[in-house]
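Trainee: Sharing a structure below in structure tokens format, with a few things to ask.
The values are calculated or read from the model by the stated rules, or taken from the named source; none is laboratory data. Owing to the predicted nature of the structure, the values given are computational and were not obtained by experimental measurement. Cβ placement follows ideal geometry from the backbone for every residue including glycine, while neighbour counts extend to all protein chains displayed. Surface accessibility is based on the protein's heavy atoms, side chains included, excluding ligands, DNA and RNA. Shrake-Rupley method; radii C 1.70, N 1.55, O 1.52, S 1.80 Å.
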Amino acid sequence: MKNIDSTSHLSGKSIFIDDMPEIQGTLFASVVTSPIAHGKLLSIDFSEAETLPGILRIFTYRDIPGENQIGGIIPDEPLFAEEELHFVGQPVALIVGKSDFICQQAKQLVTFDMDILHPVTTATEAFERNQFISPPRTFKMGDAESAWKDCAHVFEGTAESGGQEHLYLETQGAYAIPMEKGKLKIYASTQGPTAIQKQTARVLGIPMNQIEVDVNRLGGGFGGKEDQATPWAVMVALAAHHLKKPVKMILSRHDDMYMTGKRHPYTTHFKIGLSKENKILAYEANYLQNAGAAADLSPAITERTLFHCTNSYFIPNVKATVHSCKTNLPPNTAFRGFGAPQGMFAIECAIHLASKELNVSVEEIQKINLLKEGDVFPYGQKAQNVMLDNSWHLADKQWNIAKLQEDINQYNAQHSLKKKGFSIFPITFGVSFTNTVMNHARALVHIYQDGSVGISTGAVEMGQSVNTKMMQVAAGVFSIDMHKINIESTNTTRVANTSPSAASSTADLNGKAVQMACNALLSRLKKVAAKLVSGNEEALDIKNEEVFFNKKPTGITWKELVKTAFLQRISLSESSHYATPEIHFDKSAEKGHPFAYHVYGLVLTTVLTDCLRGTYEIEDVKIVHDFGKSMNQEIDLGQVEGALMQGIGWMTMEEIAYDKNGILLSNALSTYKVPDLYSAPKSVEIIPLENESDNLAILKSKAVGEPPFNYGIGAYFAIQQAIKAFNPDYSMAFNAPMTPEKVLMGLYEQT
Ligand code: MTE
Ligand code: HPA
Ligand code: MOS
């Protein structure tokens, strides 16, 4: 089944927030933000802006009837700044007027009186100044401190990885409509409708049941709308609440880029110890996470870094500590991988450093340290159904890894100004919200009297095709045509208290809930059918919209059965709740079983570097991926390809630049380069490692949203190998992204 939105997307008929017909009298809004990264706000002058024709009202924190606070994990983020300014782009006020244009004009007329304070923009400086978001966290296994003396080799180094702009096609936006009796309806482009409902209630000082949040779909989220879709929605809700008029706001691309947080840059100091046989005996990592000016989701992201600190390797002695450092940048936030890619990059840097220093191949170190069945992760969970050795074997069988490397060596021997590089990179990704309490979902399924079906869940469609998967689950249980099923918008009045659509778990959690509700309805319908054929329920099946008794067609159709049930006053609606079993985690011990299961895989990357120019092409990417038993191969392949490309972008060309005053320099698509068709790999092959091991995935089809993002990391190391082939003096500093400028410097670096 192809993505059910593909036709409407391609024909431009899919509806996003800005496509919704506007209610007469709708007002527009624009956010006034801090022009400085750190300082005291003495006063603001709105006098000119206020008098511009068409401007109706300017809201500040003084207009907030409830709490001026939207922090989800830690209450450290005001909706509007009061006396202190913490980052460029921090919301200070909301201008509401008759058109978006006039609001933008008014914004230019606002002037500030401020005392400028020193801005901190790097995690290292924040660390030195003891500026933290939350206390550090440490995961420990074995005894790293005493293991060093048993190591034949110990190496220390630093790995830097940069931020990343989400660049969802649809920018942040929301539309709030006042309803009767003070209620509000909010349409928003968010991964977390419940977060908006909750924070709006907090800011307005009204109960959650007065607020209905509705999400039709997103033009992409990628984590950037898990938490950071909230402020804009709360702001328009505040304005609608006061003015009793619908208020809409869609951020321009430029505003979206400088106001919102990004992937967290990390500076990681690592130490790795190996035996004579290249077994990794000990690993220590100290991650400095650049969190920006408020917590947002950073505490959860630090956690996922620790969960992935050893990636696909078993290391008996581990000590990993993460510091969430408070800087004067927009609060950094969730982004596909959620801190895991940063952790996985660092351990791979450590292995590449050891390989270089010991003059043994990376492959040799990787292979003997791969995680095996029953190995324990540093957080106490036992690795099960591990697919790393077999991924490697399948890749080797399919593509002959030694031959690939030989061909590259031969090419390099024959070419002096062009060099190829190759890398192998294994991935292991834990599926579940790391915060156990978030792993639950609900579904509400109605069968209408004509046999058509309506499904509501907490799942938000953001391009990952979760709606298609929900439809497949229902169509499968009922055995009816997908055209009989409608997936409704995600709405907090129909399905309440939802977790955000995130952690790659949306299809699992909501799919299981849909499955439960549909099964309950099916068994109710079978009871009705049993009476109709005067037979036993167990001998009944519904297949292709027809009732079968003892495997023989009865001539009773789905539609007739539903109608009969309705006439017998049988409920055709069901609401169900699913909570992932088995998972638990004890934060005081930092041990437990946090993940429903893991997703595994392996990527082989070949790059070609132009050694005069420093430019490169990703020639070829070959992936063995653990889909479990994919319920939709086309969609899942699309997820792998998209995630791979996004990962390559992060590792190679996407460079976020703030100046030392905390002003975003890469603030447009002319200065922030994302991969286009020309930077895509010339060839991508993805082969599934088909398996049906018992796991908690929906229909045994494993989560696929985030894990393949990490395949992009392979590109970084392949480029480094190409540089090394040209320049034996290359120091191999680990500093992503590997932009062409850095490649050029590396090619001609001298020690
Ligand atoms: N794919 C598309 N097309 N658009 C997106 O915004 N978000 C990614 C991934 N794939 C995203 C996407 C992220 S960050 C996550 S967590 C998962 O999808 C969320 O959806 P899932 O839980 O259904 O996999
Ligand atoms: N992943 C993604 N988003 C999240 C998580 C997680 O583990 N926890 C809270 N939000
Ligand atoms: Mo995805 S970063 O969990 O929204």
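Trainee: Just name one of S505, G705, S534: the one whose Cα is farthest towards the positive end of the charge dipole of the chain (beta-carbon charges, Lys/Arg +1, Asp/Glu -1).
Mentor: About the Cα centre, the residue reaching furthest to the positive side is S534.
Trainee: Ignoring ligands, DNA and RNA, what accessible area per residue does the range 440-579 give at 1.4 Å, in Å²?
Mentor: Accessible surface, normalised per residue, equals 41 Å².
Trainee: Now for a different question. So which aspartates and glutamates pass the test for K484, namely a Cα distance under 13 Å, with those fewer than 8 places away in the same chain ruled out?
Mentor: Leaving aside aspartates and glutamates fewer than 8 places away in the same chain, those within reach of K484 are D450, E545.
Trainee: Whole angstrom only: what separates the Cα centroid of the range 471-525 from the Cα centroid of the range 418-432?
Mentor: One Cα centre to the other: 34 Å.
Trainee: Here's something else I'd like to know. What full-extension length gain, to one decimal in nm, is calculated for L665 and A733 as 0.36 nm per residue of separation minus the Cα-Cα distance?
Mentor: Full extension of this stretch gives 22.1 nm more.
Trainee: Shifting gears a bit: Ordered by residue, what ³J(HN,Hα) values in Hz, to whole numbers, does the range 476-485 give under the Karplus form 6.51 cos²θ - 1.76 cosθ + 1.60, where θ = phi - 60° and Gly and Pro are x?
Mentor: Calculated HN-Hα couplings, in order: x, 5, 7, 6, 10, 5, 4, 5, 7, 10 Hz.
Trainee: Where the centre of each part is set by its Cα atoms, how far does the range 84-110 sit from the range 614-628, in angstrom?
Mentor: 43
Trainee: Where does the range 226-271 land on Rg/Rh, using Cα atoms and the Kirkwood Rh? Don't jump to the answer; show the numbers that get you there.
Mentor: Details: Rg = 16.5 Å, Rh = 13.2 Å.
That ratio is 1.25, to two decimals.
Trainee: Using a probe of 1.4 angstrom, how much of the accessible area of the range 440-579 is carbon and sulfur, in percent?
Mentor: Summing carbon and sulfur atoms, their accessible area is 51 percent of the total for the range 440-579.
Trainee: So if R0 is 51 Å, what FRET efficiency would V376 and T51 give, r being the distance between their Cβ atoms, rounded to the nearest 0.05?
Mentor: On the way: r = 67 Å, r/R0 = 1.32.
That gives a FRET efficiency of 0.15.
Trainee: Using only alpha carbons, build the gyration tensor for the range 619-724 and give me the equivalent ellipsoid semi-axes, biggest first, whole Å. List each step's numbers first, then the result.
Mentor: Details: eigenvalues 197, 57, 29 Å².
Whole-Å semi-axes of the equivalent ellipsoid: 31, 17, 12.
Trainee: Excluding residues on the same chain fewer than 8 positions from K418, give the aspartates and glutamates whose Cα lies under 19 Å from its Cα.
Mentor: E406, D407, D610, E617, E619, D620, D729, E741, E749
Trainee: Right, something else. Could you pull out every residue, at least 5 positions away or on a different chain, whose amide H is within less than 5 Å of the one on K418? Hs are placed 1.01 Å off N in the peptide plane, and Pro or chain starts have none.
Mentor: Here the answer is C611, since their amide H atoms fall under 5 Å of that of K418.
Trainee: Additional query: Which value, in debye to the nearest 20, gives the size of the charge dipole of the range 61-135 about its Cα centre, when Lys and Arg are +1 and Asp and Glu are -1 at the Cβ? Can you show the working numbers first?
Mentor: On the way: 4 positive and 12 negative charges, 67 e Å.
So the magnitude is around 320 debye.
Trainee: Based on the mean of other beta carbon atoms within 10 Å per residue, what is the order of 630-643, 79-92, most packed first? Walk me through the numbers on the way to the answer.
Mentor: On the way: 630-643: 19.7, 79-92: 21.6.
Answer by packing, highest mean first, reads 79-92, 630-643.
Trainee: So what are the ³J(HN,Hα) numbers for the range 12-19, from phi and the Karplus equation (6.51, -1.76, 1.60; θ = phi - 60°), rounded to whole Hz, Gly and Pro as x?
Mentor: Using θ = phi - 60°, the values come out as x, 9, 5, 9, 10, 3, 6, 8 Hz.
Trainee: Return the equivalent ellipsoid semi-axes of the chain as a descending list in whole Å, where each equals the square root of 5 times an eigenvalue of the C-alpha gyration tensor.
Mentor: For the chain, the ellipsoid semi-axes come out as 42, 38, 23 Å.
Trainee: So for each of 134-142, 613-621 I average, over its residues, the number of other beta carbons within 10 Å; can you give me the resulting order with the highest mean first?
Mentor: The peptides rank, most packed first, as 613-621, 134-142.
Trainee: Sticking with this structure for a sec: Using only C-alpha atoms and all pairs of different ones, pull out the Kirkwood radius for the range 292-350 in Å with one decimal. Present the calculation step by step, with values, prior to reporting the outcome.
Mentor: Numbers: mean 1/r = 0.0825 Å⁻¹.
The answer is 12.1 Å.
Trainee: Here is a further query. Return P(r) of the range 207-303 (all Cα-Cα pairs; 5 Å bins starting at 0; whole %; ordered from short to long distances).
Mentor: 2, 8, 14, 16, 13, 13, 8, 6, 5, 5, 4, 2, 2, 1, 0
Trainee: Computed on alpha carbon atoms, what radius of gyration and Dmax characterise the range 487-562, expressed in Å?
Mentor: 16.6, 47
Trainee: Follow-up question, since we're still on this one. Tell me the carbon and sulfur percent of the accessible area for the range 54-133, rounded to whole percent, probe radius 1.4 Å.
Mentor: Carbon and sulfur atoms account for 48 percent of the accessible area of the range 54-133.
Trainee: Search the structure for amide H atoms under 5 Å from the amide H of T33, placed 1.01 Å from N in the peptide plane, and list their residues when 5 or more places away or on another chain.
Mentor: For T33, whose amide H was placed from the backbone, the distant partners under 5 Å are V92.
Trainee: Next question, about the same structure. Quick one: Debye curve from the C-alpha atoms of the range 365-493, no solvent, what's log10 I(q)/I(0) at q = 0.09, 0.11, 0.20 Å⁻¹?
Mentor: With one equal scatterer per Cα and no solvent, log10 I(q)/I(0) is -0.57, -0.74, -1.11.
Trainee: Given a cut-off of 22 Å, name the pairs among K225/K319; K276/K724; K469/K512; K40/K660; K372/K591; K140/K587 whose C-alpha atoms lie farther apart than that in the structure shown.
Mentor: Check vs 22 Å cut-off fails for K225/K319; K276/K724.
Trainee: Starting with the highest mean, order 465-478, 402-415 by the number of other Cβ atoms within 10 Å, averaged over the residues of each peptide.
Mentor: Final packing ranking: 465-478, 402-415.
Trainee: Scale the Cα Rg of the range 16-122 by the rule-of-thumb value 2.2 N^0.38 Å and send over the ratio, two decimals.
Mentor: Its radius of gyration relative to the 2.2 N^0.38 Å reference: 1.17.
Trainee: Right, something else. Please state the charge dipole magnitude for the chain, taken about the Cα centre, from unit charges on C-beta atoms (+1 on K and R, -1 on D and E), reported in debye and rounded to the nearest 20.
Mentor: Dipole magnitude for the chain comes out near 1700 debye.
Trainee: Across all directions of projection, what mean area in square nanometres is found for the Cα convex hull of the range 441-523?
Mentor: Here the figure is 5.1 nm², rounded to one decimal.
Trainee: So how far apart, in nm, are the two label points at M745 and A579 if each is 7 Å from Cα heading toward Cβ?
Mentor: Distance between label points: 5.2 nm.
Trainee: Run the quick spin-label model on S275 and A496: label points 7 Å from Cα toward the beta carbon, then report their separation in nm to one decimal.
Mentor: 5.8
Trainee: Amide H to amide H, which residues 5 or more places from A657 or on other chains are under 5 Å from it, using H placed in the peptide plane?
Mentor: L665, S666
Trainee: Binning at 5 Å from 0, report for the range 287-416 what percent of all alpha-carbon pair distances ends up in each bin.
Mentor: 2, 9, 14, 16, 17, 14, 11, 9, 6, 3, 0
Trainee: A follow-up question, please. Need one number: nm distance between label points at K98 and S14, each 7 Å from Cα along Cα→Cβ, rounded to one decimal.
Mentor: Rounded to a tenth, the inter-label distance reads 3.6 nm.
Trainee: Report, in whole Å, the centroid distance computed from the Cα atoms of the range 646-676 and the range 287-360.
Mentor: Taking the Cα centre of each part, the range 646-676 and the range 287-360 sit 20 Å apart.
Trainee: Also, quick follow-up: Would you work out the Kirkwood radius for the range 440-579? I mean one over the mean of 1/r across all pairs of different Cα atoms, in Å.
Mentor: Computed over Cα pairs of the range 440-579, the Kirkwood hydrodynamic radius comes out at 15.3 Å.
Trainee: Report the equivalent ellipsoid semi-axes for the range 347-426 in whole Å, largest first, defined as the square roots of five times the eigenvalues of the gyration tensor built from alpha carbon atoms.
Mentor: Taking √(5λ) for each Cα gyration eigenvalue gives 29, 17, 8 Å.
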